[in-house]
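Please read the structure below before turning to the comments.
The values are calculated or read from the model by the stated rules, or taken from the named source; none is laboratory data. From a predicted model like this one, the values you see are computed outputs, not experimental measurements. All Cβ positions, glycine included, derive from the backbone under ideal geometry; neighbour counts span all protein chains shown. Ligands, DNA and RNA are excluded from the accessible area calculation, which covers all protein heavy atoms including side chains. Shrake-Rupley method; radii C 1.70, N 1.55, O 1.52, S 1.80 Å.
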Amino acid sequence: MAELALFLALLLAVSAGHKIVARDRLGQAAARLAGVPQPLGQALSNTAAAVELAAALALLFPDTRPIGALLAAVLWSGYTLLLARRIGSRLDCGCSLKRSEKPITALHPARAGLLAAFAVLVAFVPATPATLLTPFAAAALLALYFAADELIAIPRPAWSEG
């Protein structure tokens, strides 16, 4: 479970850093995703970054891991709901590291829901001690996550829709 907790912490930290570095883009993405004006979208993005950082830090320590995992689960559940409302819309949801105006498919909320489920699992399954392999396993999970993100972004041919 230490590997999964570290993977989630790394993903949250990358996401928070991304919101800080690409502040304008992700403020716009948050506004479009939530259906709110740009200033409120920026506030939502900043708040999400703060929650992501807090959850990431909490996930690193066994005593605070359940709190961090629950924070992450709440955040990813919110993303799941927002993305589910936007299925079929074409927008940059801010879900990946690069600007990508694409149709939101059922895979987007499913991915966020899966992350929320992993976070709940980490919150309620007893923590296992980290080993020498823990950072490598977490890095491998992160690489697989980013690979899956690229696969989701591949446009489907028109004949496969429907």
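Of note:
- Of the accessible area of the chain, computed with a 1.4 Å probe over protein heavy atoms only, carbon and sulfur atoms account for 74 percent.
- A probe of 1.4 angstrom, applied to the heavy atoms of all protein chains, finds Glu101 with accessible area near 90 square angstrom.
- The chain: angle of helix 134-153 to the longest principal axis, Cα-based, in degrees nearest 10: 10 degrees
- Per residue accessible area of the chain, 1.4 Å probe, in Å²: 54 Å²
- Helix 23-34 and the longest principal axis of the C-alpha atoms of the chain enclose an angle of approximately 70°.
- Order by protection proxy (mean Cβ within 10 Å, highest first), peptides 110-123, 76-89: 110-123, 76-89
- Take the convex hull of the alpha carbons in the chain; its mean projected area over all directions comes to 9.4 nm².
- Estimated [θ] at 222 nm from DSSP helical runs (n ≥ 4, -39500 (n - 2.57)) normalised by residues in the chain, nearest 500: -24000 deg cm²/dmol
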